[in-house]
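To keep things clear, I will list the structure first and then write my remarks on it.
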Amino acid sequence: MNHAQYCAYVADVLHPGRAEEVAEAAAADPLIWAELQSLREQMYEPPPAPAWRPPPPRHPLGLRLGAQPMGAMSGAEATRVRVSLPAEADRSALLVLLWRPERGDWQVQLPTRPTQVRRVGQLPVNADGQPFLEVIARPEAGPQRWALILAPAAQPIDWSLPEDARWTALMAAVEAGAAPSASLAWPG
Amino acid sequence: MIASEAGALPFSAWRAHRQARDPLSAAQVLLRGDAGPASALLAGWAFAPDATLRAHALRALLDTPPNPPPALAGLHLGEPPLLPDGPHRSGRGHLLSVAAQLPPREGALGLDDRLAWGLGALAETGAEVALRERGAWLRRAPTPDPTADGAAAQMWARFFKGDFWGARPLFTKHFQSPARKAFRGALLAARVPLPEHEPYLKELDETLFWYMVGGGEGAPGWQEVAARVYESRSAAAGPLDHHAQALIPETWEKAIGCPELTGRSWGALIARLWPAASGPLARALCLQRQLIGKPDRIEPLTDLMIALRLIARWGDAEAPRCHPDEDWSLVLRHRNRTRGRLRALVMEGAPEVLAAATQPGPGLYEYTARAVRIYAWCRATGVLRRHHLPAWEESLTPPCDGAEGLLDELSAEAVAALRCWLLLVALRDRWEALRHWSATGSWLHKPDAQWGRLLQEALPRVLKDRDLGYERLRAELALGLTGHVNAMAPLFAQLEAAGPAGLKATLVAAWHPEVPRPERLSPGALDRLRAMRAATHPLGES
């Protein structure tokens, strides 16, 4: 028996026979019992906190987004990307744009103050009738992602709340699919 | 009392039991032809109730007696050392304690000692398999939690309806934390530095549900989790049987053709049970006849396969591997692989079984949480291999590739045509050529125009493969030639009664229209048919 098996036991992923073996060994050996206790503490997980969890790029449950690189120099990845929404997107929905580096937390890019609130209907429309906006990558941050969320008009942003609580309701709406969302990766 | 019945025992009880087992006496009478006491030592193995399978295990032991090194010879021979009673353990636990304190045994072992060692080792390992690999699954009782069980049932109902958005809040609320815990456990197990955990956990948080939804090739995560729930609710003799009960013939097609069941280990089992099964189709046909519609055969056959592997390793003349830890690793490796393959097939081919397993009921939350934890643990292995989480569309369970097709059993019409063609082969004096060809795939003599015509021109179309090859026929003959000849006994009796004068008329009356009828019978025709019967010895027919 070894450390990996103890970890698997505490994580409760061993099949029943293996779990019995570890339990018997722990009952017989205080050192093993102590190691299991220590692992239990290290593996404690609180209930999940609200978070942004938009669909990964190209996921079928996500909004169908178009991404057109703009102004790329020869051999370089364009840092400006025109992102188009489906033509049938709800024009009254509020647009929320998130950004994060590959290993990092989502940050709300837009809107960060009430004057930045935009509805889908306020976006320019391309020749196919699709509303679009342009986003600009930060090459210095390495691989990164954007997420677009269409917040239901019936669920306005409560600017009176502190920033860490302001988005909780919208996070739950994204979680339940009530606020359509999608994400894009850069480089694409 | 055996360990499989008693579970964990104190050392003194295990030692007394081990002494009472007396494998040396069992080996000595086995050498004199009495397999009774030796058979009793195999009680823990699932093949033990089957006299034929049991005999194969003992035959293998006699063919390849173990060759334990001096340091491990005392594990199953002589009196074990006296150790303090201490905690209750299974036989394997006590064996490991004994192995650490055994003095090397001096002097060469006699054949009876070597057989006794093997019987003792088989007894211990079989008891451990029964205790840990079957009994433990049945002993595990979940704790009912009506609220959580209800939430799990709601979530499952939504997954099965394809309402992923509806399932998501329930999944996140109830199963995200268990998944994180297991994922972190896997990182700890691999000794990934703690500062590295958080970025991976964040990635998991964001990706886990999308793994569940899937959408790429292969099964989505929710089906993989549901298959684990089904497996955990095993109420059969063991998890392998439980999976096998869910499989339909079309799914067995993949099981029988998958590398796990056609590889070296199963190949050795098939070679021992059906030595005439020379080609892949013949081997597939053997398994097909053993397994399809007989789900309770997979545990005995898996156990026998494992026992044969152990016996082969113990008896290796150059490098025997006899340590109980190595034995148990082999047991787990094979059982886990077989269980994994069957689980994948249940997932692929038995959606209604998965739906039934996730119906509301006491313990559903616990079963589901455990399945999600295992899923997350497995996902962490992707991180350890590639330093990032696999893409959301990447399924955890690889599909079963390269499966051979199942062989349809011959129709009554095809059987009649085959038996008539066999008569023609004998009348053309090519019976030995046929036996040789069915066993080896090669021609007894070359060139042999007569044999060539029998195969290419006289063989009814229904007996040829789709591509006009003969693999199906060879598999049938390799396994069933004796049966076909025996089935023609009434016709042979009629031919004998008719004698040379009435031979042709009797044959014409019984002849199949798809087989070319010989215009003339040579004077020795009846003798050739008699020789056909006499020359057909048992060929390991299933």
Lone unmet requirement of (1) touching a residue at least 60 places away in the same chain (Cβ under 8 Å); (2) surrounded by fewer than 17 Cβ atoms within 10 Å (Cβ to Cβ); (3) not β-branched (Val, Ile, Thr) for A:Tyr44: (1)
In segment B:83-135, residue nearest to B:Leu41 (Cα to Cα) [restricted to those that are modelled with pLDDT of 85 or more and of a type in the set (Val, Ile, Thr)]: B:Thr125
Check on B:Thr143, within 13 Å of chain A (Cβ to nearest Cβ), within 28 Å of B:Gly221 (Cα to Cα) and hydroxyl-bearing (Ser, Thr, Tyr): yes
The one condition in (1) outside any loop (DSSP other than H, G, I, E, B); (2) more than 9 Å from chain A (Cβ to nearest Cβ); (3) surrounded by fewer than 20 Cβ atoms within 10 Å (Cβ to Cβ); (4) modelled with pLDDT under 90 that B:Ala153 fails to fulfil: (4)
Single residue of segment B:196-232 satisfying the filter (of a type in the set (A, V, I, L, M, F, W, C) and out of contact with any Ser or Thr (no Cβ under 9 Å at 6 or more places or on another chain)) that is farthest from B:Phe171 (Cα to Cα): B:Leu201
Residue list for segment B:35-46, filter: more than 24 Å from B:Ser90 (Cβ to Cβ) and assigned to a helix (DSSP H, G or I): B:Gly36
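Which ones in segment B:167-176 are more than 8 Å from chain A (Cβ to nearest Cβ) and either within 15 Å of B:Leu389 (Cα to Cα) or without any contact (Cβ under 8 Å) to a residue 60 or more places away in the chain (or both)?
B:Ala167, B:Leu170, B:Phe171
For segment B:271-278, does any single residue satisfy the condition of being polar (S, T, N, Q), over 23 Å from B:Arg134 (Cβ atoms), out of contact with any strand residue (DSSP E or B) (no Cβ under 9 Å at 6 or more places or on another chain) and not in a loop (DSSP other than H, G, I, E, B)?
Scanning segment B:271-278 turns up no residue that is polar (S, T, N, Q), over 23 Å from B:Arg134 (Cβ atoms), out of contact with any strand residue (DSSP E or B) (no Cβ under 9 Å at 6 or more places or on another chain) and not in a loop (DSSP other than H, G, I, E, B).
Any idea which residue in segment B:59-100 is nearest to B:Arg15 (Cα to Cα), counting only those that are of a type in the set (Gly, Ala, Ser) and under 28 Å from the mean Cα position of the chain (by Cα)?
Quick first cut of segment B:59-100, residues of a type in the set (Gly, Ala, Ser) only: B:60, B:71, B:73-74, B:78, B:86, B:90-91, B:93, B:97, B:99-100.
So of that shortlist, the ones also under 28 Å from the mean Cα position of the chain (by Cα) come out as B:60, B:90-91, B:93.
Details: B:Ala60: 27, B:Ser90: 11, B:Gly91: 9, B:Gly93: 12 Å.
Per the stated criteria, the residue is B:Gly91.
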Of the criteria (1) crowded, with 20+ Cβ neighbours inside 10 Å; (2) outside any helix (DSSP H, G or I), which one B:Ala371 fails: (2)
Unmet criterion (only one of (1) assigned to a strand (DSSP E or B); (2) more than 11 Å from every other protein chain (Cβ to nearest Cβ); (3) buried (at least 17 other Cβ atoms within 10 Å of the Cβ)) for A:Gln68: (3)
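Give the number of residues within segment A:95-136 that are assigned to a loop (DSSP other than H, G, I, E, B), closer than 24 Å to A:Arg53 by Cβ and of a type outside the set (Gly, Ala, Ser). Step through it out loud before you land on a result.
So in segment A:95-136, the residues assigned to a loop (DSSP other than H, G, I, E, B) come out as A:102-106, A:111-113, A:117-118, A:123-124, A:126-130.
Next, from what is left, pick out any that are closer than 24 Å to A:Arg53 by Cβ: A:102-106, A:111-112, A:117-118.
After this cut, where a residue has to be of a type outside the set (Gly, Ala, Ser) as well, the list is A:102-103, A:105-106, A:111-112, A:117-118.
Here the count works out to 8.
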Segment B:447-479: number of residues that are at pLDDT 85 or above and over 22 Å from B:Gln288 (Cα atoms): 15
The listed residue being among the hydrophobic types (A, V, I, L, M, F, W, C), buried (at least 23 other Cβ atoms within 10 Å of the Cβ) and more than 10 Å from every other protein chain (Cβ to nearest Cβ), out of B:Ala189, B:Ala179, B:Ala226: B:Ala226
Checking B:Pro144 against (1) surrounded by 17 or more Cβ atoms within 10 Å (Cβ to Cβ); (2) touching a residue at least 60 places away in the same chain (Cβ under 8 Å); (3) over 17 Å from A:Pro16 (Cα atoms); (4) of a type outside the set (Phe, Trp, Tyr), the condition it does not meet: (1)
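Give me the residue from segment B:203-221 that is in a helix (DSSP H, G or I) and among the acidic types (Asp, Glu) and, out of that set, modelled with the lowest pLDDT. Explain how you work it out, then say what you get.
To start, the set of residues in segment B:203-221 that are in a helix (DSSP H, G or I) comprises B:203-213, B:221.
Next, from what is left, pick out any that are among the acidic types (Asp, Glu): B:203, B:205-206.
Values: B:Glu203: 87, B:Asp205: 91, B:Glu206: 90.
The extreme case among them is B:Glu203.
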Total residues in segment B:427-447, condition surrounded by 14 or more Cβ atoms within 10 Å (Cβ to Cβ) and part of a loop (DSSP other than H, G, I, E, B): 6
Contacts under 8 angstrom Cβ, first residue in segment B:294-318 being under 26 Å from B:Leu247 (Cα atoms), partner assigned to a helix (DSSP H, G or I) and among the β-branched types (Val, Ile, Thr), 6 or more apart: B:Ile298/B:Thr338; B:Thr302/B:Thr338; B:Asp303/B:Val129; B:Ile306/B:Val129; B:Ile306/B:Val331; B:Ala307/B:Thr125
Of residues in segment A:23-32 being more than 15 Å from A:Asp12 (Cα to Cα) and at pLDDT 90 or above, the one farthest from the other protein chains (Cβ to nearest Cβ): A:Leu31
Selected residue (criterion: farthest from the other protein chains (Cβ to nearest Cβ)) from residues of segment B:192-221 that are within 19 Å of A:Ala49 (Cβ to Cβ) and of a type in the set (Phe, Trp, Tyr): B:Tyr200
Segment B:229-238, subset in a helix (DSSP H, G or I) and within 11 Å of chain A (Cβ to nearest Cβ), residue farthest from B:Arg337 (Cα to Cα): B:Ser232
Unique residue being at pLDDT 80 or above, surrounded by fewer than 20 Cβ atoms within 10 Å (Cβ to Cβ) and within 18 Å of B:Gly238 (Cβ to Cβ) when the list is B:Asp303, B:Asp316, B:Asp296, B:Asp325: B:Asp296
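Is it the case, given these coordinates, that A:Glu35 is in contact with a His (Cβ under 8 Å, 6 or more places away or on another chain) and either acidic (Asp, Glu) or surrounded by fewer than 18 Cβ atoms within 10 Å (Cβ to Cβ) (or both)? Before you say what the answer is, go through the steps one by one.
Working: in contact with a His (Cβ under 8 Å, 6 or more places away or on another chain): yes; either acidic (Asp, Glu) or surrounded by fewer than 18 Cβ atoms within 10 Å (Cβ to Cβ) (or both): yes.
When the stated conditions are applied, A:Glu35 passes them.
Among the residues of segment A:1-18, which ones are out of contact with any Lys or Arg (no Cβ under 8 Å at 6 or more places or on another chain) and either within 15 Å of B:Arg132 (Cα to Cα) or more than 7 Å from every other protein chain (Cβ to nearest Cβ) (or both)?
First pass over segment A:1-18, keeping only residues out of contact with any Lys or Arg (no Cβ under 8 Å at 6 or more places or on another chain): A:1-2, A:4, A:6-7, A:14-15.
Once the filter is applied, which keeps residues that are out of contact with any Lys or Arg (no Cβ under 8 Å at 6 or more places or on another chain) and either within 15 Å of B:Arg132 (Cα to Cα) or more than 7 Å from every other protein chain (Cβ to nearest Cβ) (or both), segment A:1-18 yields A:Met1, A:Asn2, A:Tyr6, A:Leu14, A:His15.
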Matching residues, segment A:1-35, being over 24 Å from B:Gly238 (Cα atoms) and aromatic (Phe, Trp, Tyr): A:Tyr6, A:Trp33
Where B:Glu394 falls short, out of the listed (1) out of contact with any helix residue (DSSP H, G or I) (no Cβ under 7 Å at 6 or more places or on another chain); (2) assigned to a helix (DSSP H, G or I); (3) in contact (Cβ under 8 Å) with a residue 60 or more places away in the chain: (2)
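Of a type in the set (Phe, Trp, Tyr) and within 13 Å of B:Leu119 (Cα to Cα): does that describe B:Trp45?
Values: of a type in the set (Phe, Trp, Tyr): yes; within 13 Å of B:Leu119 (Cα to Cα): yes.
Answer is yes for this residue.
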Top-ranked residue in segment A:33-65 [being within 11 Å of chain B (Cβ to nearest Cβ) and of a type in the set (Phe, Trp, Tyr); ranked as farthest from A:Ala172 (Cα to Cα)]: A:Tyr44
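Before we move on, is A:Val120 under 18 Å from A:Leu98 (Cβ atoms), crowded, with 17+ Cβ neighbours inside 10 Å and touching a Phe, Trp or Tyr at 6+ places or on another chain (Cβ under 9 Å)?
On the way: under 18 Å from A:Leu98 (Cβ atoms): yes; crowded, with 17+ Cβ neighbours inside 10 Å: yes; touching a Phe, Trp or Tyr at 6+ places or on another chain (Cβ under 9 Å): no.
Against the criterion (under 18 Å from A:Leu98 (Cβ atoms), crowded, with 17+ Cβ neighbours inside 10 Å and touching a Phe, Trp or Tyr at 6+ places or on another chain (Cβ under 9 Å)), A:Val120 does not qualify.
The values are calculated or read from the model by the stated rules, or taken from the named source; none is laboratory data. In this text, all values refer to a predicted model and were calculated from it rather than measured experimentally. For neighbour counting, all protein chains shown are included, and Cβ atoms are generated from backbone atoms with ideal geometry for every residue, glycine included.
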